[in-house]
Amino acid sequence: MPIAIPETLERAWGREVLDAFLPWLDQILEEKTVRRDEFREVLLRLDSLDKDVSLLKDQMAETRADVRDLRREMNQRFDRVNECFDRVNERFDRVNERFDQMYDRMVVMLRWTVGTLALLGTVISILLAIGQFIR
């Protein structure tokens, strides 16, 4: 639809200038502007993208909340596992103490046994020596 040219512009510039100016202006406007249909289409696409981005943000927020809950739950489970390991370590410590006590008792018993055998050997040697003199 052609645009009406104001009479003052036609008087000031003249018909020849306007005939050269209007195609040039149309060319510039065509290159630099967007038609209403295209603008509406772009707006519709932008609205669609905005909705998609909003949905993604909501999903990300939900995912973050899920990850936080999962992390909290995993920390609780790790705490329980650590408690179990602590109890097992305590049991191993008690077993180690018992082994240490058994080792100490075995050393004491071995010393007594060696001492007793040495004493018995000495007594037998003395008896044999006495037996040699009596014959």
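Read-outs throughout are calculated quantities, based only on the coordinates presented, and are distinct from any laboratory measurement. Values in this document were obtained by computation on a predicted structure and should not be read as measured data. Counting neighbours? That spans all protein chains shown, and the Cβs are built from the backbone with ideal geometry, glycine included.
Here the Karplus curve 6.51 cos²θ - 1.76 cosθ + 1.60, taken at θ = phi - 60°, turns the phi angles of the stretch 63-70 into couplings of 4, 4, 5, 4, 5, 4, 5, 4 Hz, with x standing for Gly and Pro.
Cβ-Cβ distance of Ile124 and Gln101, R₀ of 41 Å, FRET efficiency by 1/(1 + (r/R0)^6): the value works out to about 0.75.
With a Förster radius of 41 Å applied to the C-beta separation of Thr33 and Gln59, the computed FRET efficiency comes to 0.65.
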